[in-house]
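First the structure, in the form of structure tokens, and then the observations on it.
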Amino acid sequence: QVQLVESGGGLVQPGGSLTLSCAASGSIGSIYGMGWYRQAAGKQRELVAMTTSGGNTNYADSVKGRFTISRDNAKNTVYLQMNSLKPEDTAVYYCNANILERFGVRPYGYWGQGTPVTVSP
């Protein structure tokens, strides 16, 4: 079994910063793409940022220049540094990782439980 555990969400004022972390654990063979998604109330889940195992990154236009995704392959952990936060960034943030389990035959997409981020005065 594989688990993704997120941390770092919370309440922050507009213009503030937060760093989210997501650690993968369990029977892991290889981790491929890792990313962050978010879902605001009443809206569909959307991609925020993703990174490949080789370090390539991709960002939603709405967060470019403000958010930075990074990963520590030795720790099986992905981070999301969020700066200049806006009220419209308020959402539940979910970690996603494409993981091949040890002795598995193909990779599978796993999700974390979500961590809420609220940007409010």
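FYI, it's all coordinate maths here, none of it is from the lab. Nothing here was measured: the structure is a model prediction, and the numbers come from that model.
So what are the ³J(HN,Hα) numbers for segment 26-35, from phi and the Karplus equation (6.51, -1.76, 1.60; θ = phi - 60°), rounded to whole Hz, Gly and Pro as x?
Going residue by residue, I get x, 7, 9, x, 9, 10, 9, x, 10, x Hz, with x marking Gly and Pro.
Taking θ = phi - 60°, what integer Hz values does the Karplus form 6.51 cos²θ - 1.76 cosθ + 1.60 yield along segment 59-70, in sequence order, with x for Gly and Pro?
For segment 59-70, the Karplus-derived couplings read 10, 5, 4, 5, 10, 4, x, 10, 10, 9, 9, 8 Hz, x marking Gly and Pro.
State, as an integer percentage, the relative contact order of the chain based on alpha-carbon contacts under 8 Å between residues 6 or more apart.
37
Whole-Hz ³J(HN,Hα) for each residue in segment 108-121, computed from phi via Karplus 6.51 cos²θ - 1.76 cosθ + 1.60 with θ = phi - 60°, x for glycine and proline: what do you get?
9, x, 10, 10, x, 7, x, 9, x, 10, 10, 10, 7, x
Using the alpha-carbon centroid of each, what span in Å lies between segment 62-117 and segment 38-57?
Cα centres, segment 62-117 to segment 38-57: 7 Å.
Would you list which lysines come within 22 Å of LYS64, measuring only between C-alpha atoms, while excluding same-chain residues fewer than 8 positions from it?
Correct list for LYS64: LYS43, LYS86.
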